[in-house]
Structures are given as structure tokens and as C-alpha cells.
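Below is one structure, written out as C-alpha cells, with a few remarks after it.
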Amino acid sequence: MISKQRMKIVSTNQIAKDTIEMVLKNSYISENAIPGQFIHILVEGHTLRRPISIADVDKDNETVTILFKKLGSGTEKLSESKAGDFLNVLGPSGNGFETSTEGLHTVLLIGGGIGVPPMYYLGKSLAKQNIHVISVLGFQSKDHVFYEEKFQQFSKTYVVTNDGSYGDKGFVTSVIPNVGEFDRYYSCGPLPMLKAITNELSEKEGFISLEERMGCGVGACFACVVPTNTEKGYKKICSDGPVFAAREVIL
Amino acid sequence: MISKQRMKIVSTNQIAKDTIEMVLKNSYISENAIPGQFIHILVEGHTLRRPISIADVDKDNETVTILFKKLGSGTEKLSESKAGDFLNVLGPSGNGFETSTEGLHTVLLIGGGIGVPPMYYLGKSLAKQNIHVISVLGFQSKDHVFYEEKFQQFSKTYVVTNDGSYGDKGFVTSVIPNVGEFDRYYSCGPLPMLKAITNELSEKEGFISLEERMGCGVGACFACVVPTNTEKGYKKICSDGPVFAAREVIL
Amino acid sequence: MSLLQVNLPGLHLKNPIMPASGCFGFGREYSQFYDLSKLGAVIMKAATGSERFGNPTPRVAETASGMLNAIGLQNPGVEKIIENEVTFLSQYDTSIIANVAGSTIEEYEYVARTFNNTKAVHALELNISCPNVKEGGIQFGTDPKMAAKVTEIVKKASNLPVYVKLSPNVTDIVAMAKAVESAGADGLSMINTLTGMQINLASKRPIIANKTGGLSGVAIKPIAIRMIYEVKQHVHIPIIGMGGIRSAEDVLEFLLAGASAVAVGTANFSNPLICSDIIDELPRALERYGFNAVEDAIGKAVMNE
Amino acid sequence: MSLLQVNLPGLHLKNPIMPASGCFGFGREYSQFYDLSKLGAVIMKAATGSERFGNPTPRVAETASGMLNAIGLQNPGVEKIIENEVTFLSQYDTSIIANVAGSTIEEYEYVARTFNNTKAVHALELNISCPNVKEGGIQFGTDPKMAAKVTEIVKKASNLPVYVKLSPNVTDIVAMAKAVESAGADGLSMINTLTGMQINLASKRPIIANKTGGLSGVAIKPIAIRMIYEVKQHVHIPIIGMGGIRSAEDVLEFLLAGASAVAVGTANFSNPLICSDIIDELPRALERYGFNAVEDAIGKAVMNE
Ligand SMILES: Cc1cc2nc3c(=O)[nH]c(=O)nc-3n(C[C@H](O)[C@H](O)[C@H](O)COP(=O)(O)OP(=O)(O)OC[C@H]3O[C@@H](n4cnc5c(N)ncnc54)[C@H](O)[C@@H]3O)c2cc1C
Ligand SMILES: Cc1cc2nc3c(=O)[nH]c(=O)nc-3n(C[C@H](O)[C@H](O)[C@H](O)COP(=O)(O)OP(=O)(O)OC[C@H]3O[C@@H](n4cnc5c(N)ncnc54)[C@H](O)[C@@H]3O)c2cc1C
Ligand SMILES: Cc1cc2nc3c(=O)[nH]c(=O)nc-3n(C[C@H](O)[C@H](O)[C@H](O)COP(=O)(O)O)c2cc1C
Ligand SMILES: Cc1cc2nc3c(=O)[nH]c(=O)nc-3n(C[C@H](O)[C@H](O)[C@H](O)COP(=O)(O)O)c2cc1C
Ligand code: FES
Ligand code: FES
């Protein structure tokens, strides 16, 4: 269940261009978080909380790792926090990835930019359950690449950059035809990427994680709806998502 | 001339109830400040700067000391700053105390509460010029008393508290008849105190420092006017003051 | 009488704190954080005659000390609200206020009547100030005559006390207040959001898909206080105040300005426990400023005139 | 043409940045901080027919992301302003805009005519939106007919281009803008402050002695942007935009919404160098968002409609 928590910053590091990795300590959230969920962070001086995916969990040390990009004033301010500071957080928030593994052999993870983080905790968890994992990670350029070796520890990992400054040049979709067979895909990244993927892989079972500007982050304000094929016609990204079956949402 | 400066916090200490003493390093302001002037401090998250009197200057070490009371959100936030942080400051601001000492033998300083700080730098400066200084300091209660010994170093010092928990019980005005002869008085404190003093000492030459809510703090916005007996009929506290001849202003 | 208690037409509130309409859904989500029985009342999200999907996204944007929203009255319709949401809320020991919206006078009437037929709702908040609702090009919320008309009709359609929620996007808030008072309103609720916009520099378009959105949050508090203070001098019906409240001291400011109770909107998003926290803090705040009870503070600044 | 240059009726601005009326006095104090020749223009503090002392203090209060002010048009009167202040400002290579205020139509007329007789002033900003100015109980700034009337008379009294400064405290800002456009205004200046109030909990009275004050600062920016965007779609005269600007990016947002130039008010109080800083930063901001020049950005968001 979602709860208001204080998380102590254990460490904070810039690991790629404008990209910060923060390790946060909190027993409740580390205990309860599942892959695909997010935490909703209050940044001083800001009215609305910032949703950031859970990129990794270490239950033994009771830590949660997040990775975020400095984009606007909120993430900029957040990046100025130091180890030892506390964050005011709601979490774990939202519904995570479908991780029932019955009949599952190989999965494909497709992460784009700041959509890569949630793929990490997911892939690591699936690999632990002996699922064969393939990862395709897309970044803007060499300077933006992060976590490649970490993904390699549990998966065959393809890296593409838009400008070709690292790995293959192009988009994640250009690599997918070459990765071989898989039973299910998971993806998180910018909307155009998700649109392309869900189109291309419309025959496959897939789960995607969506982004939208949020008000409450708990399902009360209807700021974050996405049209769906379901009876109600919509779902809320903050509470029904951010993860959806690729087939149920209308992008 | 007033200038926008960065001042480094050398130290910050709570020296009485809700009262912070901060030592700030900056060569321009320490070089140019005279007693009675103030600095105008920008506190993060606030639109208007906070005016705080200069309580002491150490030209050798290029430091300025301020003393302030935690009153509202701005001073509260300011009190959370730590040694090593920088303050965004305008200063030195306003016109200071008349310190021509010709024919002057004895002066009386009357400080009330958070009006005590500017009296300190003034008294110290006058004492250095071999003026005989008497100080009357009023505080709410024992917990609020500060700088007594510091004033004793250059002046005979009387302390009164409203509740009698330290020194004499009562208001500064109750002590003034007992301090003996003086040629001029200087005062800073709450308006009711200044009114009582200027009434009681209407025969004496006196200089008082006034407070008002400020917009610009540089004389441009007319937020801080005080009615005067002068031809124009008003003066601006931020630029013509905060110090005025007791006779010229209408309290 | 207890320190925090307030009595308003149809509402016997154990304290003057309620979540504002649209910022608390129908309470389900926030019931994870604290016991809703603690609240003076709950103002539900707007109800319309039938289901509405609302505006395209993005529906919210952040502004300095505030936010914009253009949800567009998304709701399952009055029947489903009664069936699912009022039933849910009825398990708590708190008053339920239904926010009534519509695009036509007939829709308002229908929603009001439908709520009237359920025993569980204690009062109606008549939302004439939703920026997206017009009839004949005129907004109900900005024309005193239209506001009076819809108030009258809703009053006739329902036995429940009606609190008319005023829009601040008007030249003369007092005229609006007087018009709905004459039309029979039992109380006022003010203020709704101010119409605003934010433009994304990269896309060169408004951030909110609907282009304009309603500005809420502490940024608008001075406007809310001014309007309540002005209105309090001219009307006799009680005011539920709102606009930027995020602390017990803010609540006191609204009471002093003339509000008899308050609603907390945007602050729920920063702190889901805000209403509960304020209820805990309010007795101390009253004491700090020398009040024996909430009732003592109401309109005090206006009386000091 | 240079990157930052903008041409408006009567004003050939080297850049679109000017300090807003009332927030910069007559420039003297800020000339300690930087060379005023750097500014596109200076909008002077309001001038009335004769000297005014203004309101009692306190005249300002801080609010979340903004402030309230009720200075009350304190100024030495139009003659002294011309004698002392216009003369002072004329030494700088910048345009001078005089803010014209008054309590009666005749006073407006007198002030406008008096400024017309000096060669040093380049344009008038007609301040019909000062909350303390009424005639016959009606504020010039909230009634389209009155606004048109005073605009017409000022236009007749002066050969200078007239920018009418609109109040945001109205139901229909477009109606106000159209009315003054029809009456001959050469441009608009918007927005002035929103009427607000803050109550001191200890004294239980409004903090501002005048009770209400004008809300300014970044808190009101979304309202300014919305109003400019709306007005831009309906009038053909240029708009000087203002309301909460404190960065070059804010300037871009105003340009996109439809402003041709901007004024910076409250931000001078936080940073006396703000106009200078923004002028330095503006070329980089334009480049970052793909504009070749200020003129390219004007009204872009409206055209994207
Ligand atoms: C479920 C979810 C998970 C996310 N996980 C991550 C992550 O792991 N790492 C990461 O770097 N980013 C992530 N994002 C995006 C992140 O929330 C935004 O980058 C961030 O909110 C921007 O804040 P800002 O203050 O820097 O930008 P501003 O532009 O100043 O923010 C203004 C407002 O818009 C909102 N906003 C702006 N961009 C986005 C966006 N893309 N999605 C949602 N709201 C936005 C902000 O939250 C804020 O309310 C996630 C978003 C969602 C919805
Ligand atoms: C020339 C001058 C010198 C001063 N010197 C000192 C000093 O040395 N030590 C000290 O503790 N205080 C001093 N003060 C008072 C100090 O400025 C206020 O206590 C402080 O601004 C309160 O800020 P806040 O955010 O805590 O209070 P808030 O009430 O949150 O402030 C809200 C607004 O009101 C203004 N304000 C509130 N009280 C006052 C006040 N008494 N005078 C002026 N503005 C006020 C604030 O600056 C701010 O703009 C001085 C004031 C002036 C005018
Ligand atoms: C996301 C959101 C949705 C809202 N929905 C409604 C609504 O459905 N009906 C209504 O009367 N007011 C609605 N409001 C207005 C609030 O109830 C309240 O009047 C306003 O936000 C000011 O209070 P605040 O500053 O505390 O949020 C909404 C406000 C927000 C922020
Ligand atoms: C202290 C102060 C004084 C002002 N005086 C005037 C004035 O004399 N004439 C006028 O037209 N506007 C006056 N204004 C309004 C500003 O010019 C401007 O329109 C408004 O403050 C919005 O801009 P901002 O948010 O950048 O301050 C004043 C504003 C402030 C804060
Ligand atoms: S953000 Fe409020 S419902 Fe999702
Ligand atoms: S504060 Fe602006 S003139 Fe004094």
C-alpha cells in the first residue's frame, strides 16, 4: 500500500550527462516495491510531486535506487540534494509489471533514455527467476549512456544511440528485428518510441510503462488518464498504471 | 554605495531565545558599512528581501555581524543557513547614525529587543572616539537577553526585562531617568518604545532608527515612507533612513 | 460546544476542515492515508447528469506556488456516484457534500434532484464556476442573472442546503454573491480557480491540452482572502472558504476574513495527509492567537473594520 | 535588424525589456546598479496632476511567490516629474514611457497634455487600472465604456502614442481590450495587479493599511499569459506584457503568448540587476528555443492555434 515516507539519501552520483543515480534508504518502500512502480517525490518549493521510477531495490540493505534526468526546475533542485538529506516521498506507487512467469522463456526489455531505469529492476528480477532476458537500450548519444554493464550482467544487451556516437546508430526499433525470438516484451520510454514498438510488435504480448503529468499521484484527481479499450474507456496512469498491457491502451 | 554582494557565512549561532548571531565575510560591505546601516538579504523562496541591521564590523577580518530574531518564514529559513553557505545581499543600505562628535561628551544608547544590534556597532565606534557611552537595553525576558557583556566592555549598561526575569523589571523608559546626564541619545526598537522615548526626551538631541515593511529597499518603490516635518512631508526609511533625527519624523 | 465545531445550514461539522471538490476524488484514495471520519465533511468531485470523459491530457501544469488544471469534469455521472461513491463515503462519520455541475440548467436540475433522492448527502455545492461550462456563450459563474437563475432552479429541485461556489474570474464578486443569496442560496463556497495558462517554450504551445486551466494553490490565497472579506460585508449566508490553504494558520486567516469553514484543495497533492494534519494543529493555532473556539474567529477581521 | 530589436508605435526599442511602472521609481536608484542605457525603455512611476502622498503604511506585504502593494500613487506631480525626473532619465540612451494616472478624466487629460509638451517622453502608458482610482463609483479600468472614454480624451490631449494598461480584475479582458482599441489606443500594456489581501493573525487585521493591495510577482504569471493570449487573438495593436517576469525564459513565454515587449516589475526587488541580467541572457534563450530574433517569437503560440 502506498504510504508517505521519509527516505534518507545514502548516495547521489551523476552517472551520465544530466543523469543522477540516487540510493535511498527506507525499509517500508524497499520491502514493498515491485518492478515498474514509482515513488512520488516532494521537492522543496514545488506544489506537485515528481514521479520517478524505482530502478533497483536492495531488500537486505533496505535501499531503493532511482535514476533521473535533470530536465526542469524540480529535477534540477532534486539533483542538489546531498547524501544524508531526507526526501519526502509517497510510495511505492502505481501498479508494476506483470511478472508471472508461467510458460515464459525469453523476454525482451526495451528502454529508451530515462525509460531505462525501471527495466533494470525488472530484468534483474526476471533473470533471478531464470527467465532469459534480452535488453535493447536506446540513448540520445554516448554521453547519455548508463547502466550498460549492469544490464550485461543478466542479459544480452544492445545499445543504440540516436547519433551513432555509441553502439548502433538509430532507434531501438531498428535493433529489435535482430534480437531473435522472445515471448513477451516490456518497454518504457518516450511516447513516439512506445507507439512505434507497440505497432511493430502488435502480435506479441507486451507491457509498457507510460508517463503523464500528475496532480495527486494516487488516483484521485483524474489528471493522468489514458484512453483504453476497456469498458470504462480510460485508466489512470498513477494508480492503474504506469504499466499497462500494450493492447489495452490507446496511445 | 549600495551594491549586490555575496556574503559567506563564517559562523552562525543561537545566542538567545530565537535569536541568531551570524558572522558574514565580504570585503566591500565590511569596508563601507557605517553604524545604523543595514543589509538587505534575499532568502530563497521569498520575493522580498529581509532588512537586517549591521550589528558589528571587523574591517581587519572583513566580516560583518548580524543578529536577528526568528519571527516569520524568512528569518526562520535564514536561521537554517549554515557556515560556508553564501547569502545574496544588497548593502550597505540606508543612512547610518550621525556620528560627528564635536562637542559631544556623553551619549545614551537605548535598544529594545531586536533594536539592540545596531546600537552595538554604534556604541563601540563612539567609545573608540573617546565618547562616554551609557547603554540601556530592554528585552522581553531573561531568555531573550544578549550582548550584555559586550556592551559592558565600552559602556555602563542597564538591562531591563518586561517580566523582570532579569535586570530591572519594566521598560527602558523606566531606567532612563536614573542614568545621569547625556548630550545625545540614539535608539532603535519597537515603535511604541520609540514613541515613548521621543516624547520623554523631546528636549534632547536624538537619533532613532525606524522599521517598515520594504519593497525595493533602495528608495524606488515608496513602500517605506514615514511622515516628516520637512518640506516634502515624508522620507523613505530604506534610503533616507533607517536613522532619522528624532525631531524630524512624525511617529 | 467543542473548540472546533461549526454549524452551518444542513451541516453540523465536528471541525471546519474539508477536502475541496475535485482534489480528493470520492475519498477512496485518501482513505489509505487516514480515517476519513476525522474530517468535518468531504466535498465530492463534480457530478454531472451522465458520465463524462473530460479533456485531453496534459490536464495539469505546475506554476509558481500553484498549479493549473483542466480536468474537464470527468466523472461517472450522478447515478454511479450515488451507487458507488456515496455508499462508500457513508461508512465514515462525516458530512457529505455533493458538487453539482452541468452544461445546461436542465442538467444542473437533474443532478440536484437525483442527489436529493438519496438520504446520504448532506448538502449540495453548486459549481457554477467551472470554466468549461457555458450556456448561450455566457458562463453561469460570471453573470449574476444566470447564477441566480441556476441557483433558484436547483433550490427548487432539492431540499438540501445549497452552497453556491463562486468564480473569482469576475469584476464584481459582491454582485455575484448578492445575486445568489437573493436567489435562495444557503451558503457560498469561494473561491474556485482563476483562469490561467502556461506555454511550453519547446513546443511553443500551451502545456495544458485544453490551453487554459484553473489556477489554484497558495498563489491565489490573497485573492481568495480579499474576495471573502469583501463578500462577508455584504451577505448574511455563511461562506466555505478555499484557495491555497495548506496550514492551520491559513485556516485562521480564512476564518478571520469571514469564512465559517474551509476546504483544502491543491495541498492534498503535496501532502495527502494535509487535512488530517491541519485538524490536529488547529486547536494549538487557535490558542496561539487567543481564540477559544473556531466560532470566535469567524469574520473577526471584518468586524474590526 | 538586430536580434533583440522591436519596433512599436513611437518606440524603437533596442531590446524588449523595460522596468514596469512603480517598481523602478524614476530610475535613479537603479542607475547605481547598471547603466540604464542598456534598457529598451523605462516606464516611469505613475504621474498625477499634482503631488500625492499616497496611502498609510504598511504598504507592502509578501505572499507566496508574490507581493501585495498599495502605494497609492505617491508621486511629486507631473510638473516636478518632468523637471527633475524626465531630465535625469534623458541622459540615458533609452526610451521614456510616462505612466499617466488620475482620479478624474480631467486629471488624466491634464497629465497627458503636460507630458505632451515635453519632447523627452516617447510614449504614454495610461494607467486606468490603479485599484484606488474611481469616478462615480465606477473604476475606469473595469468598465469598457469608461476605459474607452478616458482613452479617447487622452489621445486627443496628446500626440504621443498611448498604451492603455489593463486591469486583470475583470470578467472579460477581451472586451476591455477591444474597447480601448476602438477608442484609439496605440497599444496595450497588461497586466496590472490583481486585488488581494493578507490578514495578520496577531492583529486580526489586514496587513496592508489600505486593507487591499495589488498582487504582483510570479504568482500571477499564468493569469497574465492567459489574458495576453486571449487578447492577442482579438486586437491588432501591440501588447507590452508583464506580470511575474523574472527570467529570459519568462520573457519568451510572454512573447509567445502575444506580447511584443515586456516589463519587469516585482523582480527588481529581489534582484536590482534583473533587467540587465535578462537582456544579457535573452540572446541565448532565443537561440536555445530556435528563434532568430525577438520578432520571430511574438504571438507564436497564438499562431499555433
Ligand atoms: C510513472 C513515471 C515514472 C517516471 N520515472 C522517471 C525516472 O525514473 N527518471 C526520470 O528521469 N524521469 C522519470 N519520469 C519523468 C519525470 O517525472 C519528469 O522528468 C519530472 O517530473 C520533470 O520534473 P521537472 O521539475 O524537472 O520538470 P518541469 O518541466 O519543471 O516540471 C513541471 C511539471 O511537469 C511535470 N512533468 C514534466 N515532465 C514530465 C514527464 N515526462 N512525466 C510526468 N510529469 C512530467 C512535473 O512532474 C511537474 O509537475 C517519470 C514519469 C512518470 C509519470
Ligand atoms: C532597517 C531595518 C533593520 C532591521 N534590523 C533587524 C535586525 O537587526 N534584527 C532583526 O531581527 N530584525 C531586524 N529588522 C526586522 C526584520 O527585517 C524583520 O523581523 C524580518 O523582515 C521579518 O521577516 P520574516 O520573514 O521572519 O517575517 P514575515 O512576517 O514572514 O515577513 C513578511 C514580510 O514582512 C516584512 N516584515 C515583517 N516584520 C518586519 C519588520 N519588523 N520590519 C520590516 N519588515 C518586516 C518582511 O521583511 C517580509 O517582507 C529590521 C528591519 C528594518 C526595517
Ligand atoms: C485538480 C483540480 C480539480 C478540481 N475540480 C473541481 C471540481 O470538480 N469542482 C469544483 O467545484 N472545483 C474543483 N476544483 C477547484 C477546487 O475545489 C478549489 O476551489 C480550488 O482549487 C482552490 O482551492 P486550492 O487552492 O486549495 O486548491 C478543482 C481544483 C483542482 C486543483
Ligand atoms: C510596488 C509596486 C508599485 C506599482 N506602481 C504602479 C504604478 O504606479 N502604475 C502602474 O501602472 N502600475 C504599477 N504597478 C504594477 C506594475 O507595473 C506591474 O503591472 C505589476 O506589478 C505586474 O508585474 P510584476 O509581476 O512584474 O510586478 C506597481 C507594482 C508594484 C509591485
Ligand atoms: S495524478 Fe491524480 S489521478 Fe493520477
Ligand atoms: S522600500 Fe522601496 S522605497 Fe523604501
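The values are calculated or read from the model by the stated rules, or taken from the named source; none is laboratory data. From a predicted model like this one, the values you see are computed outputs, not experimental measurements. Glycine gets a Cβ as well: all are built from the backbone with ideal geometry, and neighbour counts include every protein chain shown. Accessible surface is based on the protein model in full, side chains and every heavy atom, while ligands, DNA and RNA are left aside. Shrake-Rupley method; radii C 1.70, N 1.55, O 1.52, S 1.80 Å.
Projecting the Cα positions of A:Val89, A:Asn61, A:Gly74 onto the charge dipole of region A:3-93 (unit charges on Cβ atoms of Lys, Arg, Asp and Glu, taken about the Cα centre) puts A:Gly74 furthest along the positive direction. The C-alpha atoms of region C:1-73 occupy a region whose extents along the principal axes are 48, 35, 25 Å, arranged from largest to smallest. For the set A:Lys8/A:Lys70; A:Lys8/C:Lys38; C:Lys14/C:Lys300, the pairs lying more than 23 angstrom apart at their alpha carbons are A:Lys8/C:Lys38. In the protein assembly as shown, the DSSP-assigned H stretches of four residues or longer account for a calculated mean residue ellipticity at 222 nm of -6500 deg cm²/dmol, using -39500 (n - 2.57) per stretch and the full residue count as denominator. Over the protein assembly as shown, with every protein chain in place, what whole percent of the accessible area is carbon and sulfur at 1.4 Å, could you tell me? With neighbouring chains kept in place, the figure for the protein assembly as shown is 47 percent.
In units of the compact-protein estimate 2.2 N^0.38 Å, chain A shows a Cα radius of gyration of 0.96.
Burial annotation for region A:201-224: residues with an accessible-area loss of at least 30 Å² between the isolated chain and the complete set of protein chains, computed on heavy atoms with a 1.4 Å probe, are A:Glu212, A:Arg213, A:Cys216, A:Val218, A:Ala220, A:Cys221, A:Phe222, A:Ala223. Computed over region B:106-206, relative contact order equals 32 percent, with contacts defined as Cα pairs under 8 Å that lie 6+ residues apart.
Report, as an integer, the average count of C-beta atoms from other chains found within 10 Å of each Cβ along C:249-255.
Details: counts 1, 1, 0, 3, 6, 1, 2.
Across the residues of C:249-255, the mean count of other-chain Cβ atoms within 10 Å is 2.
For C:Asn292 and D:Lys178, what does the FRET efficiency come to when R0 = 60 Å and r is the distance between their Cβ atoms, rounded to the nearest 0.05? E between C:Asn292 and D:Lys178, to the nearest 0.05, is 0.65.
Can you pull out the buried accessible area for chains B and D, both sides counted, probe 1.4 Å, rounded to the nearest 100 Å²? The summed interface area works out to 2400 Å².
Let me know the shape class of region B:212-251, please: from the alpha-carbon gyration tensor, a ≥ b ≥ c as square roots of the eigenvalues, rounded when a/c is under 1.5, otherwise prolate if a/b is greater than b/c, or oblate. Write down the numbers at each step before the final one.
Details: a/c = 2.17, a/b = 1.75, b/c = 1.25.
Prolate shape, in that a/c is at least 1.5 and a/b is the bigger ratio.
In this view, the solvent-accessible surface of C:Ile97, computed with a 1.4 Å probe and all protein chains in place, comes to about 0 Å². Summary for C:His234: label point 7 Å along Cα→Cβ; distances to the equivalent points in the other copies, ascending, 2.3 nm.
Please tell me which of these pairs span more than 19 angstrom C-alpha to C-alpha: B:Lys124/B:Lys235; C:Lys221/D:Lys211; B:Lys232/D:Lys80; D:Lys165/D:Lys232; A:Lys69/A:Lys142?
Numbers: B:Lys124/B:Lys235 28 Å; C:Lys221/D:Lys211 15 Å; B:Lys232/D:Lys80 12 Å; D:Lys165/D:Lys232 15 Å; A:Lys69/A:Lys142 15 Å.
Table pairs above 19 Å Cα-Cα are B:Lys124/B:Lys235.
Rounded to the nearest 20, the Cβ-based charge dipole of region C:65-180 about its Cα centre (Lys and Arg +1, Asp and Glu -1) stands at 240 debye. Remark on region A:22-50: accessible area falls by at least 20 square angstrom from chain-alone to full-complex state for A:Glu44, A:Thr47, A:Leu48, A:Arg49, probe 1.4 angstrom. Classify region D:232-300 as rounded, prolate or oblate from the Cα gyration tensor: take a ≥ b ≥ c as the square roots of its eigenvalues, call it rounded if a/c is under 1.5, otherwise prolate when a/b beats b/c and oblate if not. In terms of gyration-tensor shape, oblate.
When a/c reaches 1.5 or more, the comparison of a/b and b/c decides; with that in mind, is region A:106-206 rounded, prolate or oblate per its Cα gyration tensor? Walk me through the intermediate numbers first.
Numbers: a/c = 1.65, a/b = 1.15, b/c = 1.43.
Oblate, since a/c reaches 1.5 and b/c is not below a/b.
Of the whole protein surface, A:Glu248 contributes about 40 Å² of accessible area at a 1.4 Å probe radius.
When only DSSP loop residues count, what trypsin sites (Lys or Arg not before Pro) in region B:1-78 have their Cβ near at most 16 other Cβ atoms within 10 Å? Walk me through the intermediate numbers first.
On the way: sites: B:Lys4, B:Arg6, B:Lys8, B:Lys17, B:Lys25, B:Arg49, B:Lys59, B:Lys69, B:Lys70, B:Lys77; in loops: B:Lys17, B:Arg49, B:Lys59, B:Lys70.
The qualifying sites are B:Lys17, B:Lys59.
Where chain B is carried onto chain A by rotation, the Cβ closest to that axis, with its residue and distance in Å, is B:Gly45, 3. Build a GNM of chain D with springs between Cα atoms under 10 Å apart, and of D:Gln139, D:Gln198, D:Gln91 the one that fluctuates most is D:Gln91.
Rg/Rh for the protein assembly as shown stands at 0.99; both radii use Cα atoms, and Rh follows the Kirkwood definition. Looking at chain B, the accessible area is 42 square angstrom per residue; that uses a 1.4 Å probe and ignores ligands, DNA and RNA.
Hull volume per residue, based on the alpha-carbon atoms of chain D and their convex hull, is 124 Å³.
Scaling the Cα radius of gyration of region A:134-187 by the globular reference 2.2 N^0.38 Å produces a ratio of 1.08. Dividing the mean sequence gap of close Cα pairs (under 8 Å, 6+ apart) by how many residues region C:1-145 holds gives a relative contact order of 22 percent. The fraction of Cα-Cα pairs per 10 angstrom bin, counted from 0 for region C:60-112, comes to 19, 37, 30, 14 percent, rounded to whole percents.
The magnitude of the dipole of region A:3-93, with charges of +1 and -1 set on the Cβ of Lys/Arg and Asp/Glu and taken from the Cα centre, is near 260 debye.
For region C:1-68, what is the accessible area per residue in Å² when the probe is 1.4 Å? Walk me through the numbers before you get to the answer.
On the way: 1980 Å² over 68 residues.
In whole numbers, region C:1-68 has 29 Å² accessible per residue.
Structural descriptor for chain C: relative contact order 20 percent, calculated from alpha carbon pairs under 8 angstrom and at least 6 residues apart. The antiparallel fraction among DSSP beta bridges confined to the protein assembly as shown stands at about 50%.
Under 16 Å of direct C-alpha separation, and excluding same-chain neighbours fewer than eight residues apart, A:Lys195 reaches these aspartates and glutamates: A:Glu203, A:Glu205, A:Glu211, A:Glu212, A:Glu248.
Count, for each residue of C:74-80, the Cβ atoms from other chains sitting within 10 Å of its Cβ, then give me the mean as a whole number. Kindly include the intermediate steps, with their values, before the conclusion.
Working: counts 5, 1, 1, 0, 0, 0, 0.
Other-chain Cβ atoms within 10 Å of each residue's Cβ, averaged: 1.
For D:Ser276, the accessible surface of its heavy atoms amounts to roughly 10 Å² (probe 1.4 Å, protein chains only, rounded to the nearest 10).
Mind ranking A:102-110, B:174-182 by how tightly packed they are, going by the mean number of other C-beta atoms within 10 angstrom, highest first? Mind showing how you got there, number by number?
Working: A:102-110: 18.2, B:174-182: 13.7.
Highest-to-lowest ranking by the protection proxy: A:102-110, B:174-182.
Each other copy holds its own label point for B:Asn199; taking that point as 7 Å from Cα along Cα to Cβ, the gaps run 8.4 nm, nearest first.
A Gaussian network model of chain A, with springs between Cα atoms under 10 Å, assigns the largest mean-square fluctuation among A:Thr75, A:Thr63, A:Thr47 to A:Thr47.
Mind checking B:172-181 for the average number of partner chain beta-carbons within 10 Å of each residue's beta-carbon? Could you put the intermediate results ahead of the total?
Details: counts 0, 0, 0, 0, 0, 0, 0, 0, 0, 0.
The shielding value for this peptide is 0.
Here chain C carries DSSP beta bridges of which approximately 45% are antiparallel, counting only pairs with both residues inside.
When DSSP beta bridges are limited to those with both residues in chain B, what percentage is antiparallel, rounded to the nearest 5? Each step should come with its number before you reach the end.
Details: 38 of 65 bridges.
Percent antiparallel among DSSP bridges in chain B is about 60.
Starting from the label point of B:Glu231 at 7 Å along Cα→Cβ, the same points in the other copies fall at 8.7 nm, in ascending order.
Multiplying the residue separation of B:Asn130 and B:Glu231 by 0.36 nm and subtracting their alpha-carbon distance yields 32.8 nm.
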